[in-house]
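Contents: one structure, followed by commentary.
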Amino acid sequence: MDIKHVKDYIYWLYYQYLLITCSYVLEPWERSMFHTITVTVFAMVVYTAYVFVPIHIRLAFEFFSQLFGGQPESTV
């Protein structure tokens, strides 16, 4: 794949992001703040999902395993 096409595609995706969020109408400092807040919130959501979702899946699996007649884990 040509590097120019990849660059154009990434630019197109960024332009779509600007259109969807309507941030193309913001001033440069407002756009910078908006992007900073958006990236921060996205990073916190990803981190929270990475840390807490596996724990909840394991607890739900243990609950439904015991609910449907699974053998309880040994405490020894």
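Summary of values
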item: Boolean, residue 17 is in a helix (DSSP H, G or I), open to solvent by 100 Å² or more (accessible area, probe 1.4 Å) and not hydrophobic (A, V, I, L, M, F, W, C); result: no
item: Count of region 1-13 residues which are part of a helix (DSSP H, G or I) and open to solvent by 100 Å² or more (accessible area, probe 1.4 Å); result: 8
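The values are calculated or read from the model by the stated rules, or taken from the named source; none is laboratory data. These numbers were taken from a predicted model, which means no experiment stands behind them. Please note that ligands, DNA and RNA were not included when accessible areas were found on the heavy atoms of the full protein model with its side chains. Shrake-Rupley method; radii C 1.70, N 1.55, O 1.52, S 1.80 Å.
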